[in-house]
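As structure tokens, the structure follows; a few thoughts come after it.
Readers should treat all values here as calculations from the given coordinates under stated rules, not as data from a laboratory. Note that the coordinates shown come from a computational prediction; the quantities given were computed from them, not determined experimentally. Methodologically, a virtual Cβ is constructed for each residue, glycine included, from the backbone with ideal geometry; neighbour enumeration extends over all protein chains shown.
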Amino acid sequence: MHLMLFDIDATLISTSGVGIRAMEAAGRELFGPEFSSTGVEYAGRLDPLIVRDLLIANRLPDTPPNAANLRSGYRRHLTEKLPQTPTARALPGVPRLLDLLESRAALGLLTGNYADTGSIKLRACGIDPARFPIAAWGDESPHDPPDRTHLPPVALARYRARFGRDADPARCAIIGDTPHDVRCAKVNGLRALAVATGMFSIDALRQAGADLVLPDLSDAAAAADWLLSF
Ligand SMILES: [Mg+2]
């Protein structure tokens, strides 16, 4: 069976940057009004690394309590802000693509998001996280320091546990919007479908080594055909 591993932000959904604004709001509440996300890269990155970089960029000790407090504040602010973000939505073609793939492939998530907040984002955009029986979340790297490229083996182990057999890597794809998603697929021998619905251009995603780059997923049938053609 095919395994389709979807990134969340700017691939399945757009939340208009509410995630980083919620992290900033949590930081200001905890550490003062100067707290800022300026200079911290977040697209395609793991939430635990974003939290660490936010602490370091704001000259705060990168300690487990500081990280845990920032994480829980982030969750609270995200929960508050999302209903006030009418632009939070599934991206074009995504509901149709999930419908087309669901009966023909195992659906999965491979994302930098924490499980709780990633699920909150999906639900706010009308996507039920339970549709993805296989998930590898942003804090599930088994290595330190964590890296997105560690997550495909986590997803493949979950596939094995659920279906009682190994997935064929040639029939596994990662669908994402950043060079991080593409690299994560390629170093693990998986296919990469990149979509230019985030901060990266078609050219940048091609240069990163994506097997296919689409402007978006609005032609869901073509995307499904390609994903199932291997
Ligand atoms: Mg993304």
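Helix 18-31 and the longest principal axis of the C-alpha atoms of the chain enclose an angle of approximately 30°.
The amide H of Ala136, built 1.01 Å from its N in the peptide plane, has Leu109, Leu110, Thr111 as neighbours under 5 Å, considering only residues 5 or more places off or on other chains.
In a simple Cβ point-charge model (Lys, Arg +1; Asp, Glu -1; nothing else charged), the chain has a dipole of about 360 debye relative to its Cα centre. Whole-Hz Karplus values for the stretch 130-138 come out as 5, 6, 10, x, 10, 9, 10, 9, x Hz, taken residue by residue from phi with 6.51 cos²θ - 1.76 cosθ + 1.60 and θ = phi - 60°; glycine and proline positions read x. Against the chain, whose longest principal axis comes from its Cα atoms, helix 151-163 is set at around 60 degrees.
Counting only other residues whose beta carbon sits under 14 Å from that of Ala88, what net charge do I get with K and R as +1, D and E as -1? Spell out each step's value before the answer.
Working: positive: Arg21, Lys81, Arg89, Lys121, Arg123; negative: Asp9, Glu80.
That works out to +3.
Take the chain and mark each of the trypsin sites (Lys or Arg not before Pro) that is in a DSSP loop with at most 13 other Cβ atoms within 10 Å; the longest unmarked stretch, sites excluded, is 166-230. Using Cα atoms only, what is the angle between the long axis of helix 115-124 and the major principal axis of the chain, expressed in degrees (0 to 90) to the nearest 10? Approximately 80 degrees, to the nearest 10. Close amide H partners of Asp177, meaning residues 5 or more places away or on another chain with modelled amide H under 5 Å apart, are Val195.
Find the all-direction average of the projected area of the Cα convex hull for the chain, expressing the result in square nanometres with one decimal place. Intermediate values should be presented prior to the final figure.
On the way: hull surface 47.4 nm².
Mean orientational projected area (the chain, Cα hull): 11.9 nm².
Backbone phi angles across the stretch 189-200, fed through the Karplus curve with coefficients 6.51, -1.76 and 1.60 (θ = phi - 60°), yield HN-Hα couplings of x, 9, 7, 10, 9, 10, 10, 8, 9, x, 8, 10 Hz in residue order; Gly and Pro are listed as x.
Can you compute the helix-only [θ] at 222 nm over the chain? Use -39500 (n - 2.57) per DSSP H run of at least 4 residues, normalise by all residues, nearest 500 deg cm²/dmol.
Details: 9 runs with 98 residues, N = 230.
After summing the helix terms and dividing by the residues of the chain, the value is -13000 deg cm²/dmol.
Tell me, in nm to one decimal, what length is gained between Asp216 and Met199 on full extension, where the rule is 0.36 nm per residue of separation less the Cα-Cα distance? Each step should come with its number before you reach the end.
Details: separation 17, 0.36 × 17 = 6.12 nm, distance 1.24 nm.
Here the segment from Asp216 to Met199 would lengthen by 4.9 nm.
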